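Asks: There's a structure below that I have some questions on.
The values are calculated or read from the model by the stated rules, or taken from the named source; none is laboratory data. For clarity, every value in this text was computed on a predicted model and none was experimentally measured. So basically every Cβ, Gly included, is an ideal-geometry build from the backbone, and we count neighbours across all protein chains shown. What goes into the accessible areas is simple: the full protein's heavy atoms, side chains included, and nothing from ligands, DNA or RNA. Shrake-Rupley method; radii C 1.70, N 1.55, O 1.52, S 1.80 Å.
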Amino acid sequence: MATGIAIRAVGVIGAGQMGMGIALTTAAKAALPVKIFDNSAIQIDRGLKLVDSLLAKDVNKGKISEDESKATKARISIISSMDDLEGCDLVVEVRNHWCWVTPCKSISPRLQAAAENLQVKQSIFSSLSEICPPSTILATNTSSISITKIAASAAKPEMVVGLHFFNPVPVMKLVELIAGLQTSSDTLARARVFAEACGKDVTQSADVPGFVSNALLMPFLNEAIMCLEKGIATRDDIDKTLRLGMAHPMGPLQLADFIGLDTCLAIQQTLHRETGDDKYRPSVLLGRMVAAGWLGRKTGKGFYDY
Ligand code: 3HC
């Protein structure tokens with residue numbers, strides 16, 4: 001049972017699809033105020049448009065009233081400095097752009113969306129330790145980086161926890177809860193209460209590479225890519241096999257595009273590096289597609305054209 005202070009305000013670092021999805025779900029389902037920080041004005045603009053369009057869709061479908069939509073939007077605020085996260089009882093870090101550290105105007109934005117980076121996350125958690133009171137839960141939405149390693153950079157590592165949401169956050173029903181070696185049982189319990197308040201079911205995983213979800217999903221996606229690479233079946237037949245034969249909502253190649261091929265590659269590299277197990281070795285084709293800047297839906301080209 002959670003014994004720490006209740007969660008009354010939430011911070012989100014990162015205004016991409018995942019960050020905005022978490023912010024919207026927090027504001028709409030848990031009815032909590034959310035502050036969002038991102039150092040990219042373009043990302044914030046896109047993120048706010050996404051929230052507006054999702055709220056408008058729910059109003060049009062009669063799922064929520066105009067007043068509920070306005071109340072949800074009013075709970076979401078954009079902050080211009082991480083220092084403004086000081087009043088939050090829980091902060092979720094959802095950051096996976098290396099341009100966080102090295103904004104590089106000369107490189108195309110499609111090539112800047114890249115791997116999650118441990119050093120970036122550690123510097124964020126070290127800053128959060130100075131900004132937030134010691135009772136604040138510091139959560140990360142990392143898909144494969146070790147919670148234990150991230151926690152090591154925080155002043156109170158027992159307050160650090162993994163809260164792994166799934167894309168699209170407003171739709172997917174699961175949150176994976178991950179304890180690092182240092183995470184306290186009270187932090188875990190409070191994080192679980194928060195995820196449930198967001199309307200999610202919670203599963204718990206140990207801090208192993210990829211946790212349960214990506215340790216299972218990534219070899220499956222990679223196997224599908226290797227089927228294509230080896231000419232075993234066409235793209236459409238691979239996806240159709242899983243959609244119609246196994247009732248998956250998307251085929252694996254479509255899902256890899258949806259997640260982002262750079263994200264898939266980064267997770268697979270982490271799994272392979274950290275376990276040394278060749279079953280996680282990313283396919284050559286995946287590496288080549290990322291090198292070409294074909295990252296899936298977000299760049300308009302992956303296994304499919306968008
Ligand atoms: N954001 C918010 N809502 C979205 C959305 C988005 N990006 N995309 C779709 N939706 C909503 C739609 O608005 C619609 O809502 P409604 O029922 O209120 O109208 C609902 O989802 C269904 O959408 P559509 O009818 O347009 O399309 P589909 O029925 O084909 O569903 C899908 C789309 C929900 C994305 C479905 O294809 C699906 O479940 N795909 C699998 C997604 C998945 O596996 N996600 C996990 C990825 S792994 C991950 O995130 C972990 C990471 O670590 C890698």
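Asks: Report the local net charge at ALA9: Lys and Arg +1, Asp and Glu -1, summed over other residues whose C-beta lies under 9 Å from its C-beta.
Replies: For residues surrounding ALA9, the net value is +1.
Asks: Can you report the principal axis dimensions of the range 134-243 using only the alpha carbons, biggest first, rounded to whole angstrom?
Replies: Here the Cα extents, ordered largest to smallest, are 54, 29, 16 Å.
Asks: Let me ask something else about it. When DSSP assigns beta bridges and you keep just the ones with both residues in the chain, what percent turn out antiparallel, to the nearest 5?
Replies: 25 percent
Asks: Right, here's the next one. What is the log10 of I(q)/I(0) for the chain, computed with the Debye formula using one identical point scatterer on each Cα and no solvent, at q = 0.08, 0.13, 0.16 Å⁻¹?
Replies: -0.35, -0.95, -1.40
Asks: If you rank LYS63, LYS298 by how much accessible surface each has, with a 1.4 Å probe, what is the order from largest down?
Replies: If we order LYS63, LYS298 from most to least accessible, we get LYS63, LYS298.
Asks: Within straight cross-link reach of LYS61, meaning Cα distance under 26 Å, which lysines are found once same-chain residues fewer than 8 apart are removed?
Replies: Straight-distance partners of LYS61: LYS29, LYS49, LYS70, LYS73, LYS173, LYS200.
Asks: Using alpha-carbon positions, what is the distance between the centroids of the range 170-196 and the range 119-156, in Å?
Replies: Rounded to whole Å, the Cα centres lie 15 Å apart.
Asks: What does the extension gain come out to for LYS63 and GLU229, with contour length at 0.36 nm per residue minus their alpha carbon separation?
Replies: 55.4 nm
Asks: If you don't mind, another one. Using a 1.4 angstrom probe with every protein chain in place, what is the largest-first accessible-area order of VAL10, VAL284?
Replies: Result of the area sort, largest leading: VAL284, VAL10.
Asks: Next question, about the same structure. Tell me, what is the per residue accessible area of the chain in Å², probe radius 1.4 Å?
Replies: I get 47 Å² per residue for the chain.
Asks: Go ahead and collect, in residue order, the members of the range 184-206 whose backbone nitrogen is under 15 Å from a label point 7 Å along the Cα-Cβ direction of SER135.
Replies: So the set is 186-187, 190-191.
Asks: Using a basic spin-label model with each label point 7 Å from the Cα along Cα→Cβ, how many nm lie between SER123 and ARG288?
Replies: Computed distance between label sites SER123 and ARG288 equals 3.5 nm.
Asks: For HIS248, HIS164, HIS272, give me the order by solvent-accessible area with a 1.4 Å probe, most accessible first, ignoring ligands, DNA and RNA.
Replies: HIS248, HIS272, HIS164
Asks: Once both axes come from the Cα atoms, what is the angle between helix 41-60 and the longest principal axis of the chain, in degrees from 0 to 90, rounded to 10?
Replies: 90 degrees
Asks: Between the range 253-275 and the range 20-99, what is the separation of their alpha carbon centroids in Å?
Replies: Each part's Cα centre sits 26 Å from the other's.
Asks: If you line up the long axis of helix 17-28 against the longest principal axis of the chain, both from Cα atoms, how many degrees apart are they, to the nearest 10?
Replies: The angle comes out near 40 degrees.
Asks: Between 0 and 90 degrees, rounded to the nearest ten: what's the tilt of helix 235-246 against the longest Cα principal axis of the chain?
Replies: So the helix axis and the longest Cα principal axis differ by about 60 degrees.
Asks: Give me Rg/Rg_expected for the range 214-297, where Rg uses Cα atoms only and Rg_expected = 2.2 N^0.38 Å with N residues.
Replies: Output field value: 1.03.
Asks: Calculate, in nm to one decimal, what ARG273 and ARG8 gain on full extension: separation in residues at 0.36 nm each, minus their alpha carbon distance.
Replies: 91.5 nm
Asks: Okay, next question. Under 13 Å from the Cβ of THR183, count the other residues' Cβ atoms, weight Lys and Arg +1, Asp and Glu -1, and hand me the total.
Replies: Once positives and negatives cancel, what remains is +1.
Asks: How much length is gained if the chain between ALA41 and ILE79 is pulled fully straight, taking 0.36 nm per residue apart and subtracting their Cα-Cα distance, in nm to one decimal?
Replies: 12.6 nm
Asks: State the percentage of accessible surface on the chain attributable to carbon and sulfur atoms; use a 1.4 Å probe and exclude ligands, DNA and RNA.
Replies: Carbon and sulfur together cover 57 percent of it.
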